[in-house]
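Structure first, commentary second.
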Amino acid sequence: MRTYAGHSSAAASNELYRRNLAKGQTGLSVAFDLPTQTGYDPDHVLSRGEVGKVGVPISHIGDMTALFEAIPLREMNTSMTINATAMWLLSLYQVAAERQAETAGEDPAEWVHALAGTTQNDIIKEYLSRGTYVFPPGPSLRLITDMVAYTVREIPKWNPINICSYHLQEAGATPVQEIAYAMSTAVAVLDAVRDSGQVPAEEFASVVARISFFVNAGVRFVEEMCKMRAFVQLWDELTHERYGVTDAKARRFRYGVQVNSLGLTEAQPENNVQRIVLEMLAVTLSKDARARAIQLPAWNEALGLPRPWDQQWSLRMQQVLAYESDLLEYDDLFTGSVVVEGKVADLVAGAKAEMARVEEMGGAVAAVESGYMKSALVASHAERRRRIEAGESVVVGLNRFETTEPNPLTADLDTAIQTVEANVERHASEAVRAWRDARDADPERRARAVAAQERLRTDAASGANLMAASLECARADVTTGEWAAALREQFGEYRAPTGVSGSVGVGSSEPGDALWRVRQLVARTGEELGEKLRVLVGKPGLDGHSNGAEQVAVRARDAGFEVVYQGIRLTPAQIVAAAVAEDVHLVGLSILSGSHMELVPEVLRGLEEAGAGDVPVIVGGIIPESDAAALRAAGVAMVFTPKDFGLNDIMGEMVGVIRSARGLAPLEPTPA
């Protein structure tokens, strides 16, 4: 039983962890901030506005030691949501455990051998959904392979990869796509480990036994429960037939779950509580396909960062189910159900067909590089949005049953969410500079750090397993940014396909419907200006949650705009340069990481300095109203939040903003 937690600093997060453990949590789930996830120190230019916002910043072994102060790692089960830099964070975790053992007067090797937990380490879904990748697919798969081979030998209770279909569903995946792409990722990893020769064939079952999954559970909980039974069946078949694993225990489908965040609403957020409970039932009702670990979001995550009390509420949901209900007292409730067996069979057949398509393309890596999987997810998400906007999919409080009593939970929005202090980034930047300065002032420490980074580069070039060099970097006081920079030199960086150009949006419309009317507005405004309307959709900072930006870009294209979308991880200066070069009529910024108050004003200033101060800027994201008011006062034309789900309405608002900025009279939509 976990809650996903971490923010501000290692010390603040340690305090939160110890409080949560005292309340009955049975494991830790560590959220790292975006600079840590993408291999930057807090003082890097791309870290601006992102330090400590969506997780804890970990820059070196000192931070990792502080994160687990007074929490004996030998006794803890720790899940770490980390992917591109997973090898580095595991190295820091191991070295922190070694130092705890030394302090306790015990054998560090015994502590390391006893460590239990999980590194997410699924880079495929980062290219498809969350965007916290660093290196190209080939080198990234090598890092995963090296970690798997190392942990099977040295940390046998550790799950070196948590193949993560969770974020695929957040990006719009259907149940069939979620199963198929997760299984295709597993095949890519297991094939790579097998083909690397680092694990003898007779020991390969131990690799399969350490593969775990991290799954999403949506509110259609019967379908989701059947999805889990399909996962169990497919994994058993795959590991037996493709890899020859005869030990049934090694073939067990081992998964943890966080229930769906995509379906959480800002409108009537109290409804999120019952959604979360229903979604938890999806992964607990069927004993033969039950989750091994659960972490639940909080009711207010569509508003901002949950407070400790909100996290406690989510933990109590699990405890009531486990200790008050009788759910855990019975064998599987669905064995022999004709309805369940039929649905499972449909999901298995659909997933196998999609897996075959991916296999024909050359596997998961090739399907990422070609853009196939990303385009498929963007299209599925567009269809999901269309159904909600059309009222075909009911979301209570959002598109039906919208009348509501005043909500005491959100009466004071400024206190309804956790806020990160404004000076967190400054303190972290100063601290990492002080760490490097103190290290380099000592000739012996400096020489060891330099040698460790050089060994990392050499091993990366030679093809050696990179865990040994990474562990030496951790012991030598190397920082997160230095470790990643050494590998960037060898492996290079990567920009994954956005999926926007190849995806199918709403596309066609009928005369008189909402999209048709918006197209008329776009066309008439373009005629008055004598040019086609151009919009730039930008993702400043390190926030890689691009689903919303992609849907806006696809719908804008369907509405007749010319769309400039360059993907994720751009500096404000790069966005300004693109806006000026493309001579756009409007800039739309998407930020979900909480860095809007730092990054948006930089874009506004940059446009002004570039002589494009008349180009209007709109912003979308998880933005409290007090911040939205401040952004509007700073010059932002409009602010959109999760309650603004009607993309056609947003397109109409964009036309209005452009007309106002260009001195044109408002236009009324063409009547149906």
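The values are calculated or read from the model by the stated rules, or taken from the named source; none is laboratory data. No experiment lies behind these values; they were computed from the predicted model shown. Heads up, the Cβs are rebuilt from the backbone with ideal geometry, glycines too, and the neighbour counts pull from every protein chain shown. These area figures cover heavy atoms from the full protein model, side chains too; ligands, DNA and RNA do not enter into them. Shrake-Rupley method; radii C 1.70, N 1.55, O 1.52, S 1.80 Å.
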Margin query: Defining a contact as two alpha carbons under 8 Å apart and six or more residues distant in sequence, what relative contact order in percent does the stretch 108-243 show?
Written below: 28 percent
Next item on the list: Among 136, 244, 120, flag the residue with its Cα farthest along the positive direction of the charge dipole of the chain, charges on Cβ as +1 for Lys/Arg and -1 for Asp/Glu.
Entry: 244
Checklist line | Gap separating the Cα centres of the stretch 395-471 and the stretch 178-219, nearest whole Å | finding: 28 Å
Check: Which part of the stretch 324-346 falls in the paramagnetic zone of residue 252, meaning amide N under 19 Å from the point 7 Å along Cα-to-beta-carbon?
Finding: 328-333
Next item on the list: Note down the nm distance, to one decimal, between modelled labels 7 Å out along Cα→Cβ at residue 326 and at residue 196.
Entry: 4.9 nm
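For the stretch 251-410, report the % of Cα-Cα distances exceeding 25 Å.
Working: 6514 of 12720 pairs.
Tail fraction, whole percent: 51.
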Checklist line | Estimated 222 nm signal from helices in the chain, with DSSP H stretches of n ≥ 4 weighted -39500 (n - 2.57), rounded to 500 | finding: -16000 deg cm²/dmol
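Determine how many Å³ per residue the convex hull of the Cα atoms of the chain encloses.
Working: hull volume 110.0 nm³, N = 672.
Roughly 164 Å³ of hull volume per residue.
Would you work out the relative contact order for the stretch 203-304, in percent, from Cα pairs under 8 angstrom that are 6 or more residues apart? Mind showing how you got there, number by number?
Working: 150 pairs, mean separation 36.5, N = 102.
This gives 36 percent for the stretch 203-304.
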Margin query: How many angstrom lie between the Cα centre of the stretch 320-356 and the Cα centre of the stretch 558-600?
Written below: 43 Å
Check: Going by alpha carbons, how many degrees (0 to 90, nearest 10) lie between the helix axis of 221-241 and the longest principal axis of the chain?
Finding: 50 degrees
Next item on the list: Relative to the longest principal axis of the C-alpha atoms of the chain, give the angle of the C-alpha long axis of helix 547-558, reported between 0 and 90° and rounded to the nearest 10°.
Entry: 30 degrees
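If you roll a 1.4 Å probe over the stretch 199-288 with all protein chains in place, what percent of the accessible area is carbon or sulfur? Display every interim value, and only then the final one.
Values: 1740 of 3270 Å².
Within the stretch 199-288, the accessible surface is 53 percent carbon and sulfur.
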Check: Relative contact order for the stretch 1-44 using alpha-carbon pairs under 8 Å, separation at least 6, rounded to a whole percent?
Finding: 46 percent
Check: Which distance in nm do the two modelled labels at residue 387 and residue 454 give, with both placed 7 Å along the Cα-to-Cβ direction?
Finding: 5.9 nm
Margin query: Leaving out ligands and nucleic acids, and using a 1.4 Å probe, what accessible area per residue does the stretch 331-457 come to in Å²?
Written below: 57 Å²
Notebook entry, point to check: What Kirkwood radius, in Å to one decimal, follows from the Cα pairs of the stretch 23-62?
Noted result: 10.9 Å
Check: Relative to the longest principal Cα axis of the chain, at what angle does helix 647-661 sit, 0 to 90 degrees, rounded to 10?
Finding: 60 degrees
Notebook entry, point to check: Quick one: if you take sqrt(5λ) for each eigenvalue of the C-alpha gyration tensor of the stretch 295-380, what semi-axes come out, biggest first, whole angstrom?
Noted result: 36, 26, 10
Next item on the list: Could you tell me the distance between the Cα centroids of the stretch 628-650 and the stretch 244-301, to the nearest Å?
Entry: 32 Å
Note to self: Counting heavy atoms of the protein chains only and a 1.4 Å probe, report the per residue accessible area for the stretch 80-187 as a whole number of Å².
What the structure shows: 20 Å²
Note to self: Can you list residues from other chains, or at least 5 along the same chain, whose modelled amide H is less than 5 Å from the amide H of residue 82?
What the structure shows: 120, 121
Next item on the list: Take 355, 147 and sort them by solvent-accessible surface of the protein heavy atoms, 1.4 Å probe, largest at the top.
Entry: 355, 147
Next item on the list: Keeping to pairs on different chains or 8 or more places apart, tell me how many lysine pairs in the chain have Cα atoms under 18 Å apart.
Entry: 10
Next item on the list: Using amide H atoms built 1.01 Å from N in the peptide plane, name the residues 5+ places from residue 305, or on other chains, whose amide H lies under 5 Å from its own.
Entry: 418
Margin query: Under the rule of at least 5 residues apart or a separate chain, name every residue whose amide H is placed under 5 Å from the amide H of residue 210.
Written below: none
Check: For the residue pair residue 660 and residue 524, what label-to-label distance in nm results when each label sits 7 Å from Cα along the Cα-to-beta-carbon direction?
Finding: 1.8 nm
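Give me D for the stretch 190-247 in µm² s⁻¹, whole number, from Stokes-Einstein with Rh from the Kirkwood sum over alpha-carbon pairs, 10 °C and 1.306 mPa s. Before the final figure, lay out the partial values.
Values: Rh = 13.0 Å.
Translational D for this selection: 122 µm²/s.
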Note to self: For the stretch 152-286, take every pair of Cα atoms, bin their distances at 10 Å starting from 0, and report each bin as a whole percent.
What the structure shows: 12, 40, 29, 14, 5, 0
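Over the stretch 553-598, with every protein chain in place, what whole percent of the accessible area is carbon and sulfur at 1.4 Å, could you tell me? Could the numbers behind the result be given before it?
Numbers: 720 of 1350 Å².
Roughly 53 percent of what the probe reaches on the stretch 553-598 is carbon or sulfur.
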